[in-house]
1. Could you grab me the full set of residues in region 98-154 that are under 30 Å from Pro565 (Cα atoms), assigned to a helix (DSSP H, G or I) and not aliphatic (A, V, I, L, M)?
2. Hey, could you check region 375-393 for residues that are touching a helix residue (DSSP H, G or I) at 6+ places or on another chain (Cβ under 6 Å) and either at pLDDT below 95 or not in a loop (DSSP other than H, G, I, E, B) (or both) and say which is farthest from Ser305 (Cα to Cα)?
3. Of everything in region 15-53, what is within 13 Å of the ligand (Cβ to nearest atom) and at positive phi? Give them in sequence order.
4. Which condition number does Ala568 fail, the rest of (1) in contact with a strand residue (DSSP E or B) (Cβ under 9 Å, 6 or more places away or on another chain); (2) at pLDDT below 95 being met?
5. Of these, Tyr246, Tyr268, which one is over 19 Å from Thr152 (Cβ atoms) and of a type in the set (Phe, Trp, Tyr)?
6. What residue, of Ile187, Ile134, Ile150, is more than 16 Å from the ligand (Cβ to nearest atom), out of contact with any Phe, Trp or Tyr (no Cβ under 7 Å at 6 or more places or on another chain) and without any contact (Cβ under 8 Å) to a residue 60 or more places away in the chain?
7. Need the failing condition index for Gly223 against (1) within 30 Å of Gly534 (Cα to Cα); (2) crowded, with 23+ Cβ neighbours inside 10 Å; (3) under 27 Å from the mean Cα position of the chain (by Cα), just the number.
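The values are calculated or read from the model by the stated rules, or taken from the named source; none is laboratory data. Being a predicted model, the structure only gives us computed values, none of them experimental. Here the Cβ is made from the backbone with ideal geometry for all residues, glycine too, and neighbour counts use every protein chain on show.
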Amino acid sequence: LHREGEKLITTHCSYCGMQCGMHIRVNEKTGKIAGVEPRYDWPVTNGKLCPKGVTAYQQIDHKERIKRPLIKKNGKFVESSWEEALSLIEEKFTETQAKHGKDALSVFGGVSMTNEKCYLVGKYARVALGTRFIDYNGRFCMSSAAGGFIKTFGVDRGSTLPWPELEHSDCFLIAGSNTAECHPTSIQWFWKARDKGAKMIVIDPRETPTARIADVHIDLKPGTDSALANGLLHLIIKEGYVDEKYVAERCNNYKELQESVETFTPEYTAEITGVAVEKIIKAARMYGASKRSVVMFARGVEQQSKGVDNVTLYTSLALLRGQIGKFASGVATFTGQGNGQGGREHGQKADLLPGYRKLTDPEAVKYISNVWGIDPKDMPKPGVSAFEMFDEVQKGNIRAMHVICSNPAVSAPHTEYVWDSFKKLDFMVVNDFFLSETAEFADVVLPATTWAEDEGTTTNLEGRVIHIRKVTEPRHESKPDWMILSEIAKRMGKGKHFQYETPKQIFEELRIATKGGKADYHGITYDRIDREDGVFWPCPEEDHPGTPTMFKERFATPDGKANLPVVAWKEPGETPTKKYPHILTTGRVVYHYLSGTQTRRIDFLMEQCPLPYVEMHPEMASQYNMQEGETIQLTTARSSMKTEVKLTKAIRKDTLFIPYHWGKELAVNQLTNPCLDPISRMPEFKVCAVKIEKI
Ligand code: SF4
């Protein structure tokens with residue numbers, strides 16, 4: 001791999017939770033990035049990279065990088081010095097808190113950052129700014145999976161098994177995940193297992209590239225997952241597939257679950273979900289008869305107002321079959337963002353402190369206050385979830401916001417409400433390396449580094465903590481987010497709590513902060529990660545081997561048993577009406593990442609997929625006399641947008657699909673419903689009622 005005049009730095013892709021292993025080629029003389037090579041000895045992805053991964057390096061020297069701090073003057077951004085920008089932030093933050101109180105400031109974080117940065121964002125909000133209003137974009141991503149896992153297992157780790165074991169599984173039940181496009185390098189494991197005879201069941205309203213390779217494709221009506229899962233549980237119980245010994249020894253609430261699914265006959269389930277009875281029976285028998293099965297899901301089931309319910313029910317399937325804590329079997333969610341797992345463990349959530357400690361637990365507050373060197377009385381109380389922060393802006397309670405590594409102007413639901421909230425703020429700061437749609441609303445934009453210009457750790461979708469190495473020096477005047485936050489902290493009079501020279505020092509503090517918590521990183525060090533090529537949490541001590549397989553002996557609940565929650569079927573927040581007669585759902589395409597801020601700037605990716613579109617079944621199109629390529633208008637109770645029709649028989653006749661990677665007038669999130677899950681506070685991105693019109 002090595003070429004004359006170049007050095008190879010081993011690291012991981014910056015995008016999705018797969019965190020594929022790669023080497024980045026750097027010109028030794030100029031420091032310019034020459035390209036990437038896949039890393040064949042990285043056991044999770046074995047040399048595979050997707051189109052996003054092979055072009056990710058092009059961000060680093062991209063001409064649209066923000067080079068210096070920007071200050072908005074008379075409605076236009078003007079380049080400034082760091083001194084001017086930071087002084088303005090200090091002045092405005094201080095003035096806002098003096099006038100309106102500590103909680104008038106807010107922080108909107110993200111999880112496309114290292115563990116060190118995610119940890120520091122939580123500390124920055126609570127110690128440097130002293131505000132209770134902090135939440136993050138993971139609320140729109142992993143929060144329902146987290147809520148479901150806490151309910152069933154007592155702890156939120158996204159996968160109960162390491163990925164390479166998937167090769168030895170004999171059945172995959174995949175719900176609401178278009179794995180082939182969203183986590184493409186995972187597909188190799190399914191193929192390897194299928195070569196040995198493994199079966200695959202895919203639950204998705206669309207016949208995605210993932211569904212096309214399935215043995216059974218369950219094309220359910222969006223928003224009916226809990227009915228389907230109850231129906232599958234009904235059959236698993238009725239047809240004698242329950243591992244009675246496992247359930248008796250390791251689960252609570254089986255009798256109640258058994259009673260609750262009694263009415264979910266295949267016929268009743270079919271009536272709600274719109275899926276043929278035979279398919280439901282075939283899927284249940286296929287899953288029930290397997291010996292080493294894995295239930296996997298993603299945003300399709302989680303981004304619903306019943307997302308936590310959906311997660312608990314699909315997880316219960318695996319528990320009834322006795323599949324948790326064993327080789328090549330278990331439950332997993334596909335994390336969307338690179339550090340979707342680690343980013344939610346270290347205190348960016350409104351109610352959590354590092355290590356999944358709860359802000360409502362006085363002992364946890366005491367412990368973290370001690371680590372941070374503050375009086376427990378000064379620890380802010382829990383705030384509100386990401387979308388609810390915009391309600392607080394509308395009410396006038398939040399007056400200023402610092403958005404870090406996130407683009408809610410595209411990724412939040414009901415974006416017009418979000419845009420209006422940004423306009424209502426007295427002052428707004430954004431850290432980013434491109435001028436995102438969110439950054440355009442800001443008063444000050446601070447140039448942050450890309451993933452390759454700083455060091456740190458991330459935690460991939462398996463729960464494996466890995467090393468992101470510094471590949472090159474920061475471009476222009478950009479700085480790592482941890483450095484930016486530390487500098488603002490100093491100006492807010494809290495410098496003594498932010499004395500960091502390197503990310504490693506932050507990680508050392510994180511190790512102590514998580515010690516004894518549910519997400520315990522205390523035994524993980526940079527040296528160990530390098531030596532062992534990643535370490536799985538929980539890992540309480542340096543001589544602990546880490547935990548690739550979760551719950552081998554006990555679950556993380558007080559009595560060590562898993563819970564089997566009872567879930568009544570409830571309709572989604574919106575169902576079709578006379579005015580809005582169809583269902584709209586959203587998702588991703590292989591060529592773009594999340595809000596598209598990064599991938600819409602890569603020429604190759606834009607050549608493949610330049611614009612959004614609406615997928616429509618030809619039968620629906622013929623009712624309206626709509627043609628392939630025609631621009632139509634879609635309207636929901638919130639707003640309208642125009643986009644091109646893409647005809648396909650790979651979608652239900654009652655459903656429309658639009659990918660969400662574009663902003664402003666191209667943002668499908670103008671249409672989506674901010675109806676929240678009562679536990680996870682996840683908005684219902686995946687189901688809303690819509691009407692379509694010719695224009
Ligand atoms: Fe791998 Fe995900 Fe990066 Fe693609 S985007 S290369 S699947 S980490």
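1. Listed by number, the residues that qualify are Asn137, Gly138, Arg139, Phe140, Ser143, Ser144, Gly147, Gly148, Phe149, Lys151, Thr152, Phe153.
2. Here the residue is Pro376.
3. Gln19, Asn46, Gly47
4. The number of the failed condition is (1).
5. Working: Tyr246 fails: over 19 Å from Thr152 (Cβ atoms).
Answer to the selection: Tyr268.
6. Working: Ile187 fails: more than 16 Å from the ligand (Cβ to nearest atom); Ile134 fails: without any contact (Cβ under 8 Å) to a residue 60 or more places away in the chain.
Criteria check complete, one pass: Ile150.
7. (1)
For (1) in contact with a Ser or Thr (Cβ under 8 Å, 6 or more places away or on another chain); (2) within 25 Å of Lys123 (Cβ to Cβ), each residue gets a yes or a no:
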| site | (1), (2) |
| --- | --- |
| Lys395 | no, no |
| Met401 | yes, yes |
| Asn407 | yes, yes |
| Ala412 | no, yes |
| Tyr417 | no, no |
| Phe434 | yes, no |
| Glu440 | no, no |
| Val445 | no, yes |
